[in-house]
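The values are calculated or read from the model by the stated rules, or taken from the named source; none is laboratory data. Just so it is clear, the structure is predicted and the values come from calculations on it, not from any experiment. Neighbour counts are summed over all protein chains in view; Cβ atoms, including those assigned to glycine, are modelled from backbone coordinates with ideal geometry.
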Amino acid sequence: MHRGVIHALAAVGLAVAGIAHASGTIEALARTCNNCHGVNGVSSGDAMPSIGGLPESYLKTVMMEWKEGKRYSATMARLIKGYTEEEISGLAAYFSKLPWTPVAQKTDPKLVERGKQATQACVSCHGPTGKAMMPTAPNMNGQIAKYLELEMRKYQDDSVPMPAMMRMMAKQVKPEDIEAIAHFYASQK
Amino acid sequence: MNPFDRRSFIKALAAAPAASVLSVPAQAQAKPKARVVVIGGGFGGSTAAKYVKMLDPAIEVTMIEPNKIYTSCPLSNEVISGHRSIESLQTGYDKIAARGVNVMHDLVEAVDPVKKTVKTKGGKTLSYDALVMSPGIDFKYDSVEGYDEKVAEVIPHAYKAGPQTVLLKKQLEAMPDGGVFIISVPPRPIRCPPGPYERAAQVAWYCKTHGKPKAKVLILDANDSHSKQALFRQAWRELYGYGKGQMIEWVPAAEDGKVVRVDAKTRTAYTSFGEHKADVLNLIPLHHAGHIAIRTGLANPRGWCEVVPMTMESAVHKDIYPVGDACIAGELPVYDMPKSAHMANTQAKVAAGAIVAKVNGLPPPTPWYVNTCYSLAGENYGFSVVHIYRVENNKFVYITAAGGVSPADDAAKGTKVPRIQYALEAQYMQGWWRNIMADAFA
């Protein structure tokens, strides 16, 4: 057999194996997340967060807390109830393996500087730039600013259930600093 | 010459450990592995074209769409209320083309499902291994006496975003304070089920903030219930006033709400027993799957395309995959898949996954159907409905444990929803739109 033919067949083989992979149950399920969270979990913006490359344990915890009613989400809490714990685990594993991609956004330098000062108390868990340091904390460097702002507002609003520890910390933030904090983390690479 | 039996060869390779390599070198691309033609470049068609190409670059994908610029219907009610320009909803196809999809600006005139060919108005004939049929809807203008395409230039439907949307907005601007804005809703199924009711809210929003506090928005409905009913009622009441003598009023079919005739000259809508004079008349006619789907014989007697739940393949013709507003799926009347951009987007992904698997001799992937549809009723006042469908015993099953509409206040139970709910969803709606535009067109 000609070497060229062998090469071509090998290449086709790899491609087909890739397609078999892309045809997997979780890969197909994950594709339905793209239209809000972006291809590879990198958001195009406004209020929707990027999810590709977040820690697996964080992703699974958040989704399970929504499912069990322990954590408030305006939309996702209803959606997630349609999936089994196994599927949720599969999604958490899938998205955690993608690279975390900070999204370039327009940020206000003054707000960024103010946000940097306002996040000194956050460093022990979230690091100096919001890059995840522990499996239970999300990456926030280059996360969508509007999303970060809205999450902080949820933590500060007692009318909806949110995890206690972060709520305690978030309540120490002055409401007028929230936007600055969001701009700071959004601006980090 | 290939000495191998192709099918078992692919199966053997598919069983090998998964590789992340998806690209095929040039020599394998000389002759396309298969040809996929996509009719229609809306949310359904463009998503399908992109995902087939993304999942298997060796497949040749041609998308045929008459317009060079696409205008998103989602969020287009915001043009009417003055919160968006029509241009902000528009996109071209350059990014889809850059992904390797052949974008052809032409109109398909005929499909031969036996010879598996497509003929265009521009005189081209294309053959396909798989065809995605995503033409959206066309109107049955004569469903209301006195209405036709020409009259629509005076009495707009504004139910395909573009010049019609702008026309309706201009008419609203010119409407005097105390004027009557009528929205006539046709019998279900309709595209964007909450659309007319969101429009009522947005028109009221405009009137309230643009010196028309005495304006009236009258919804004449050919149905007795509607999407997100409790939420719209709550928002209308809270923001604008709802009911007899209030800014927004809704007349269901049971109370003679169905419009049967219009007089374009006097802008009057006639129901079986009544007549309603309008300053602005927005008449949404009955609709059905796009003409080309019907001409291809894909539609049922009511004008919609039925599909095989596992793959989105047509229930009538093999190798044709109807997606988006043109199809009907699920348990009627309550749990049918809504005709929304999000539904079209997930249907297109199911079709793309099934087509790529079939071309490569693999079984179709598990189909996942999801819908999220936001409505904006006013400043910081958004809400949504979520649907999840699974396929069980080759049937669409709506998952009742999940989804449903955003919570509304319940006077009987004495529960009030924290308003952060609606403020958040008003924001998520914008994020949803930005991302679905990128998912479908970039």
Problem - Flag for B:Val391 being in a strand (DSSP E or B), of a type in the set (Val, Ile, Thr) and more than 10 Å from every other protein chain (Cβ to nearest Cβ) - result: yes
Problem - Those strands (runs of 3 or more DSSP E) lying entirely in segment B:1-110 with at least 3 residues at pLDDT 95 or above and within 21 Å of the chain's Cα centre (by Cα) - result: B:34-39
Fill in the blank from the handout: So the strands (runs of 3 or more DSSP E) completely within segment B:158-277 holding 3 or more residues that are of a type outside the set (Val, Ile, Thr) are B:216-221, B:275-277
Exercise for the section: Would you check if B:Ala293 is within 14 Å of chain A (Cβ to nearest Cβ), crowded, with 19+ Cβ neighbours inside 10 Å and modelled with pLDDT of 95 or more? Expected result: no
Fill in the blank from the handout: The condition from (1) in a strand (DSSP E or B); (2) crowded, with 24+ Cβ neighbours inside 10 Å; (3) aliphatic (A, V, I, L, M) that B:Ile355 misses is numbered (1)
Practice task
Identify, by number, the condition in (1) more than 13 Å from every other protein chain (Cβ to nearest Cβ); (2) more than 23 Å from A:Ile181 (Cβ to Cβ); (3) hydrophobic (A, V, I, L, M, F, W, C) that A:Ala104 doesn't meet.
Solution key: (2)
Practice task
Output yes when any residue across segment B:194-202 is among the small types (Gly, Ala, Ser), free of Cβ contacts under 8 Å to residues at least 60 places away in the same chain and not assigned by TED's automatic domain parsing to the domain that holds B:Ala352, and no when none is.
Solution key: yes
Problem - segment A:20-74, residues that are in contact with a Cys (Cβ under 9 Å, 6 or more places away or on another chain) and facing another protein chain (nearest Cβ under 7 Å) - result: A:Ser43, A:Met48
Practice task
From the list B:Thr266, B:Thr271, pick out the single residue that is free of Cβ contacts under 8 Å to residues at least 40 places away in the same chain, out of contact with any Pro (no Cβ under 7 Å at 6 or more places or on another chain) and not charged (D, E, K, R).
Solution key: B:Thr266
Problem - Segments classed as helices (runs of 4 or more DSSP H), wholly inside segment A:63-182, with at least 1 members that are over 17 Å from the mean Cα position of the chain (by Cα) and more than 22 Å from B:Ile399 (Cβ to Cβ) - result: A:109-118, A:123-126, A:145-156, A:164-170
Handout entry: Tally, over segment B:397-410, of residues that are crowded, with 18+ Cβ neighbours inside 10 Å and more than 9 Å from every other protein chain (Cβ to nearest Cβ)
Key = 2
Exercise for the section: Scan segment B:242-252 for residues that are surrounded by 14 or more Cβ atoms within 10 Å (Cβ to Cβ) and more than 11 Å from B:Ser184 (Cα to Cα) and report the count. Expected result: 5
Exercise for the section: Tally the residues that are closer than 24 Å to B:Ala423 by Cα and either among the β-branched types (Val, Ile, Thr) or more than 14 Å from chain B (Cβ to nearest Cβ) (or both), restricting the search to segment A:139-164. Expected result: 6
Practice task
Go through segment B:278-302 and give me each residue that's assigned to a loop (DSSP other than H, G, I, E, B) and either of a type in the set (Asp, Glu) or over 20 Å from B:Leu172 (Cβ atoms) (or both).
Solution key: B:Asp279, B:Leu286, B:Gly290, B:Thr296, B:Gly297, B:Leu298, B:Asn300, B:Pro301, B:Arg302
Exercise for the section: Report yes if B:Lys413 is surrounded by 17 or more Cβ atoms within 10 Å (Cβ to Cβ) and outside any strand (DSSP E or B), otherwise no. Expected result: no
Handout entry: Filtered residues of segment B:46-62 (kept if under 16 Å from B:Met133 (Cα atoms) and touching a helix residue (DSSP H, G or I) at 6+ places or on another chain (Cβ under 7 Å))
Key = B:Ser46, B:Thr47, B:Ala48, B:Ala49, B:Lys50, B:Tyr51, B:Val52, B:Val61
Completion exercise
With the first residue restricted to segment B:414-442 and required to be more than 8 Å from chain A (Cβ to nearest Cβ) and at positive phi, and the second required to be in a helix (DSSP H, G or I) and surrounded by 21 or more Cβ atoms within 10 Å (Cβ to Cβ), Cβ contacts under 9 Å at 6 or more apart or on different chains are none
Practice task
Take the residues in segment B:312-330 that are part of a loop (DSSP other than H, G, I, E, B) and in contact with a strand residue (DSSP E or B) (Cβ under 7 Å, 6 or more places away or on another chain), then tell me which one is farthest from B:Lys115 (Cα to Cα).
Solution key: B:Ala329
Exercise for the section: State the number of residues belonging to segment B:360-382 that are at negative phi and at the interface with chain A (Cβ under 9 Å from one of its Cβ atoms). Expected result: 13
Completion exercise
Filtering segment A:24-46 down to residues that are among the hydrophobic types (A, V, I, L, M, F, W, C), under 14 Å from B:Pro367 (Cβ atoms) and in contact (Cβ under 8 Å) with a residue 24 or more places away in the chain yields A:Ile26, A:Leu29, A:Ala30
Exercise for the section: Look at B:Gly324 and say whether it is surrounded by 16 or more Cβ atoms within 10 Å (Cβ to Cβ), assigned by TED's automatic domain parsing to the domain that holds B:Val36 and either under 24 Å from B:Val111 (Cα atoms) or among the charged types (D, E, K, R) (or both). Expected result: yes
